[in-house]
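The structure under discussion appears below in the form of structure tokens.
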């Protein structure tokens with residue numbers, strides 16, 4: 001693994017209505033890791049991702065993507081928001097949602113054309129959803145909707161992928177399919193950062209982990225730091241998980 | 001048809017189109033209530049603009065009204081952000097305050113102006129052709145047609161330029177923001193267009209009925225399509241359709257034009273709500289009935305699978321055993337036969353191979369939600385859809 005840093009966060013503090021949800025976070029995410037962000041509800045996991053992506057304005061601190069501010073590096077980053085954050089009754093099709101992934105590289109006013117459509121169809125095929133391209137999005141199951149979101153991120157063709165709970169409400173088959181694609185991305189040298197809830201699967205799915213609970217508890221390779229000590233520090237109770245290495 | 005009649009219908013149609021376009025996005029953003037607020041709170045803007053220019057169709061009125069419309073949105077969001085009250089309460093606090101400022105301003109200065117609350121709230125389409133747009137003495141047509149026509153052209157231009165941005169920021173503001181397609185700009189842009197359209201339309205249909213023109217066509221279109229472009233087109237068609245038929249209804253009944261237009265809108269919505277192919281009430285009821293029968297079918301197939309003994313599988317005994325009405329038993333049997341899931345031999349029902357496979361897969365699907373093989377059956381069975 002190269003020692004290049006994909007995402008560097010210094011002294012990040014974020015507050016909602018002057019109530020801090022992230023306190024003084026320092027974090028360096030090396031290039032090429034598949035990293036889980038774990039922590040209890042309200043730990044600020046989604047907020048951390050949203051701050052990196054400039055969706056939420058922090059009250060202090062700096063964030064750099066490959067040494068430059070996010071605004072200059074948008075094209076290097078893809079984002080999968082929580083599935084529940086959008087209205088799935090919106091009048092649009094699976095293919096159209098995936099095409100939205102190309103809007104960033106198109107910039108203002110320009111319309112997507114054949115090239116964008118082709119890339120979107122390829123992404124749909126990769127997540128096994130090509131047969132559903134014209135399906136209205138409310139007619140898809142939870143797992144299928146999540147695959148559509150993943151395809152939309154793939155079409156962004158980024159270096160760094162941020163995913164907010166991609167396994168929420170999906171069936172076991174989809175979970176396997178998604179994690180396989182994430183592992184492929186890592187193999188291709190991409191950096192993948194995932195807000196994750198299921199502690200049991202952390203050692204199996206990820207090679208890097210960050211423990212977060214308003215403050216950063218620990219960050220590093222799963223095999224070194226994924227232990228009961230850090231889990232207890234993060235979740236506040238005496239936490240035991242069977243960690244299979 | 002006299003030229004005045006044609007002009008009135010033309011104005012009404014252009015107003016309807018100009019309203020339907022921002023209305024579609026407002027409905028999708030679940031912001032229908034904010035049009036209600038804007039349509040009231042533009043009043044102080046109009047009044048102040050009128051005091052300055054003394055001309056009801058001056059562009060300054062439109063600018064002032066748009067400003068107070070956007071101010072409404074800003075104030076609502078500001079109050080909401082305090083976290084002390086919810087959005088609906090914030091809307092309920094802001095627009096009556098701004099509206100009452102407008103009312104007081106009118107009342108205070110009512111002596112020397114030709115502006116009264118009725119005119120603002122209700123509008124009067126019938127008078128629109130009397131106010132002409134003159135350029136160096138040449139009659140260029142009704143003034144309000146020019147105003148709303150200009151607004152429509154600007155709206156269309158913005159829609160074509162920013163369709164992609166509007167769509168993504170409406171569907172997924174987080175993604176739009178991460179991509180640098182500022183959803184905040186889109187939000188306030190849409191609010192500005194809505195305010196300008198409202199004030200452009202208020203002259204013709206009044207501040208209250210403009211809400212109907214924005215929301216009802218879009219809400220009706222929403223029930224009929226799964227495609228944003230088609231939704232926009234349908235909203236426009238419904239808007240124009242009810243504008244023209246509303247005019248003739250008013251003509252025949254000798255009543256208010258704007259009132260008739262809104263009534264027609266309501267009737268169209270009701271009709272579509274009842275009869276829309278997928279989302280309509282009857283369609284939903286039919287689907288629920290089908291689902292009930294399909295659940296019964298599964299229960300029945302499962303029962304057949306569980307029992308080898310013949311008396312448990314006799315057609316006549318099924319009524320008593322599974323405790324169903326005759327009609328239901330018949331429709332379940334028919335459905336099973338139609339799908340080749342059972343064979344009936346001497347009134348003894350048996351599962352076919354297909355029936356056995358279907359039962360196992362369907363139960364598996366319902367319990368675990370896992371089986372992807374059910375996918376090809378989904379089109380035939382409501383039970384397994386969405």
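The values are calculated or read from the model by the stated rules, or taken from the named source; none is laboratory data. Fair warning: this is a prediction, and the values are worked out from it, not measured in the lab. Note: ideal-geometry Cβ built from the backbone for every residue, glycine included; neighbour counts use all protein chains shown.
General remarks:
- Segment B:73-86, residues that are part of a helix (DSSP H, G or I) and either touching a strand residue (DSSP E or B) at 6+ places or on another chain (Cβ under 6 Å) or without any contact (Cβ under 8 Å) to a residue 40 or more places away in the chain (or both): B:74, B:75, B:77, B:78, B:79, B:80, B:81
- Test: residue in segment A:96-107 that is more than 11 Å from chain B (Cβ to nearest Cβ) and without any contact (Cβ under 8 Å) to a residue 60 or more places away in the chain: yes
- Among the residues making up segment A:164-192, those that are away from every other protein chain (no Cβ under 12 Å) and under 17 Å from residue A:85 (Cα atoms) are A:165, A:166, A:167, A:168.
- Only one of the listed residues (B:195, B:177) is at pLDDT below 95, within 11 Å of chain A (Cβ to nearest Cβ) and assigned to a helix (DSSP H, G or I). That residue is B:177.
- Strands (runs of 3 or more DSSP E) completely within segment A:1-95 that count 2 or more residues being surrounded by 19 or more Cβ atoms within 10 Å (Cβ to Cβ) and away from every other protein chain (no Cβ under 14 Å): A:5-16, A:19-30, A:34-38
- Any hit, segment B:126-145, residues being within 14 Å of chain A (Cβ to nearest Cβ), part of a loop (DSSP other than H, G, I, E, B) and farther than 21 Å from residue B:15 by Cα: no
- Qualifying residue in segment B:203-221 (condition: at pLDDT 90 or above and outside any helix (DSSP H, G or I)): no
- The set of residues in segment B:194-225 being in contact (Cβ under 8 Å) with a residue 40 or more places away in the chain and within 30 Å of residue A:79 (Cα to Cα) consists of B:222 alone.
- If you go through segment A:166-176 and keep only what is surrounded by fewer than 20 Cβ atoms within 10 Å (Cβ to Cβ) and either closer than 14 Å to residue A:101 by Cβ or in contact with a helix residue (DSSP H, G or I) (Cβ under 9 Å, 6 or more places away or on another chain) (or both), you end up with A:168, A:169, A:171, A:172, A:173, A:175.
- Residue identified as touching a helix residue (DSSP H, G or I) at 6+ places or on another chain (Cβ under 7 Å), more than 10 Å from chain B (Cβ to nearest Cβ) and surrounded by fewer than 16 Cβ atoms within 10 Å (Cβ to Cβ) among A:130, A:150: A:130
- Residue in segment B:222-245 that is in contact with a strand residue (DSSP E or B) (Cβ under 9 Å, 6 or more places away or on another chain) and either within 14 Å of chain A (Cβ to nearest Cβ) or over 28 Å from residue B:5 (Cβ atoms) (or both) present: yes
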